[in-house]
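**Student:** Structure below; questions to follow.
The values are calculated or read from the model by the stated rules, or taken from the named source; none is laboratory data. As the structure is a prediction and not an experimental result, all values here were calculated from the model. Cβ placement follows ideal geometry from the backbone for every residue including glycine, while neighbour counts extend to all protein chains displayed. Only protein heavy atoms, including side chains, enter the accessible area calculation; ligands, DNA and RNA are left aside. Shrake-Rupley method; radii C 1.70, N 1.55, O 1.52, S 1.80 Å.
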Amino acid sequence: MDILQYSEEHLIFRRNFRRFVETELAPQAEAWEEAGIVPREAWKRMGEQGYLCMALPEEHGGMEADFLYSMIVAEELTRAGCGGLAAPLHSDIVVPYLASFGSEELKARYLPRCATGEIITAVAMTEPNTGSDLAAIKTTAVEQEDGLVVLNGQKTFISNGINCDLVIVAARDPAVEDPHQALDLYVVEAGTPGFVKGKKIPKIGLHSQDTAEMFFEDCRIPVGNRLGAKGGGFLMLMDKLAPERLVVAIIAVASAERMLEWTIEYVKERKAFGKPLSKFQHTQFTLVELATEVRLGRTFLDKLVADFMAGENVIVEVSMAKYWCAEMASRVADRCLQLHGGWGYCEEYPIARAWRDARVLSIFAGTSEIMKIIAARFMGL
């Protein structure tokens, strides 16, 4: 029996979304890779079809969909090689900060346009010298008596950094000594004076995913752009980082499944010494080992998603899944590429890009090492 119980509506949604991806997105994916960015038209088409921010209430442009719809979108984009279109980041990671902690005014102003794709979002946490240690963030936010907040600092490795129209910025109040209580989250619109998007950062993988630097130089925004109560930023980040890492695990497992499928197809067709590669014992053993890892990842992931949807505390399990599934995807990518031989190292075969793209999964949203530290703490170690 399947762990996740997909309704007929879920299955219809998957079929429709897969058809949309195959006809409208996948044919453009290579062009996006060469351009180094996904055009805004693709985001708007996603929004027009109702494929963005589906969990939002209807009043804000969503369909109050459960998490399985988001999971389907992440899986199908990954399977089609369209991971550069970071819709899961927008819909399931960034927008929920605004939906959960924003004022009614902020929600009404931004959420409907997030759902249509008119607004693309990003979250700015990482800094040049601050990655996983969020308490060490140096970007400052000084709230003034005139009702404005002045932001100063630099962010880097920001996904959707070029395309974004709205960014959620993590910054600290320099007057507060406790590094955890000093953090706040602020909503900043692109084009705000003092907010400058830096260069797009060249990467070894995810070429079409626009990753950039950001600079805040005496950037003034209304204090009403703060999410939640003052000093609540750290707790907000902790609340939303678990779903973010769950999304990464979903992408990792979907990627591993697709790479395995490609490789099984390839070894059945490719011949060496007069017979298909699939007939060699080494090939068979390798693929059985990989299939076992992929199946273990899928089983762990589906159980975790079911627990998450049931409202259970899954912080430890999410940390475990994020590190293990991400590293599993890299192992699958490497061994599948090896079975492709020289062709695996050529851009002609999709395994080459999948191999590059898989490597970052164990780095962003918290490195594997940080995931292990989190799990160890909750285990009382």
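**Student:** Report ³J(HN,Hα) in whole Hz for each residue of the stretch 113-122, in order, from the Karplus equation J = 6.51 cos²θ - 1.76 cosθ + 1.60 where θ = phi - 60°; Gly and Pro get x.
**Tutor:** These are the phi-based 3J(HN,Hα) values: 6, 5, 5, 7, x, 5, 10, 10, 10, 8 Hz.
**Student:** Another one. Spin-label point model (7 Å from Cα, Cβ direction): what's the Ser7 to Glu58 distance in nm?
**Tutor:** It works out to 1.4 nm between the two label points.
**Student:** At 25 °C and 0.890 mPa s, grab the translational diffusion coefficient of the stretch 103-194 from Stokes-Einstein with a Kirkwood Rh over Cα pairs, rounded to a whole number in µm² per second.
**Tutor:** Once the numbers are plugged in, D ends up at 174 µm²/s.
**Student:** Okay, next question. Please identify, among Met214, Met238, Met259, the residue showing maximal mean-square fluctuation in a Gaussian network model of the chain using a 10 angstrom Cα cutoff.
**Tutor:** Met238
**Student:** Projected area of the stretch 34-94, taken from the Cα convex hull and averaged over every viewing direction, in nm²?
**Tutor:** 4.3 nm²
**Student:** As I understand it, the value is the acute angle between the Cα axis of helix 233-269 and the longest principal axis of the Cα atoms of the chain; what does it come to in degrees, rounded to 10?
**Tutor:** Approximately 20 degrees, to the nearest ten.
**Student:** Another question, if that's okay. Could you report the chain's accessible area per residue, 1.4 Å probe, as an integer in Å²?
**Tutor:** Each residue of the chain exposes 46 Å² on average to a 1.4 Å probe.
**Student:** For the stretch 152-163, take each phi angle, set θ = phi - 60°, evaluate the Karplus expression 6.51 cos²θ - 1.76 cosθ + 1.60, and give the result in whole Hz per residue in order, putting x for glycine and proline.
**Tutor:** Per residue, the Karplus-derived 3J(HN,Hα) values read 9, x, 9, 10, 8, 6, 8, 5, 6, x, 8, 6 Hz.
**Student:** Provide the per-residue ³J(HN,Hα) series for the stretch 304-310, in order, calculated from phi with Karplus coefficients 6.51, -1.76, 1.60 and θ = phi - 60°, each as a whole number of Hz, with x at glycine and proline positions.
**Tutor:** 5, 4, 4, 5, 4, 5, 7
**Student:** Another one. Quantify how much of the Cα-Cα distance distribution of the stretch 280-381 extends past 22 Å, in percent.
**Tutor:** 42 percent
**Student:** Viscosity 1.306 mPa s, temperature 10 °C: Stokes-Einstein D of the stretch 181-271 from its Kirkwood Cα radius, in µm² per second?
**Tutor:** This corresponds to a translational diffusion coefficient of 92 µm²/s.
**Student:** Shifting gears a bit: Quickly estimate the mean residue ellipticity at 222 nm for the chain, helices only: each DSSP H run with n ≥ 4 gives -39500 (n - 2.57), and the total goes over all residues, rounded to 500.
**Tutor:** Per the formula, -15000 deg cm²/dmol.
**Student:** What is the distance in Å between the Cα centres of the stretch 154-180 and the stretch 277-309?
**Tutor:** 37 Å
**Student:** From the Cα gyration tensor of the stretch 212-353, with a ≥ b ≥ c the square roots of its eigenvalues, which class applies: rounded if a/c is under 1.5, or else prolate if a/b is larger than b/c, or else oblate?
**Tutor:** Oblate is the answer for the stretch 212-353, as a/c is 1.5 or above yet b/c matches or exceeds a/b.
**Student:** Quick one: Cα centre-to-centre distance for the stretch 85-147 and the stretch 35-64, in angstrom?
**Tutor:** Going from one Cα centre to the other spans 17 Å.
**Student:** Considering only protein heavy atoms and a probe of 1.4 Å, how much of the accessible area of the stretch 232-358 is carbon and sulfur, as a whole percent?
**Tutor:** C and S atoms contribute 58 percent here.
**Student:** Angle, helix 368-378 long axis vs. longest principal axis of the chain, Cα atoms, 0 to 90°, nearest 10?
**Tutor:** 70 degrees
**Student:** Restricting the calculation to Cα positions, tell me the Rg (one decimal) and the Dmax (whole number) of the chain in Å.
**Tutor:** According to the Cα coordinates of the chain, Rg and Dmax are 21.3, 80 Å.
**Student:** Next question, about the same structure. Label the stretch 1-56 by shape, choosing from rounded, prolate and oblate, from the square roots a ≥ b ≥ c of the eigenvalues of the Cα gyration tensor; if a/c is under 1.5 it is rounded, and otherwise prolate applies when a/b is larger than b/c, oblate when it is not.
**Tutor:** prolate
**Student:** If you build the Cα gyration tensor of the stretch 9-148 and take the root of 5 times each eigenvalue, what three semi-axes come out, in whole angstrom, biggest first?
**Tutor:** For the stretch 9-148, the semi-axes come out at 29, 20, 14 Å.
**Student:** Filter Lys44/Lys322; Lys138/Lys322; Lys107/Lys240 down to the pairs with a C-alpha to C-alpha distance above 24 Å, please.
**Tutor:** Beyond 24 Å: Lys44/Lys322; Lys138/Lys322.
**Student:** Please identify, among Asp92, Asp184, Asp239, the residue showing maximal mean-square fluctuation in a Gaussian network model of the chain using a 10 angstrom Cα cutoff.
**Tutor:** Asp239
**Student:** Multiply the residue separation of Cys346 and Arg45 by 0.36 nm, subtract the distance between their alpha-carbon atoms, and state the gained length in nm to one decimal.
**Tutor:** Full extension of this stretch gives 105.2 nm more.
**Student:** Same structure, new question: Go ahead and set up a Gaussian network model of the chain, Cα springs under 10 Å, then flag whichever of Gly117, Gly61, Gly341 fluctuates most.
**Tutor:** Checking each option, the largest mean-square fluctuation is seen for Gly341.
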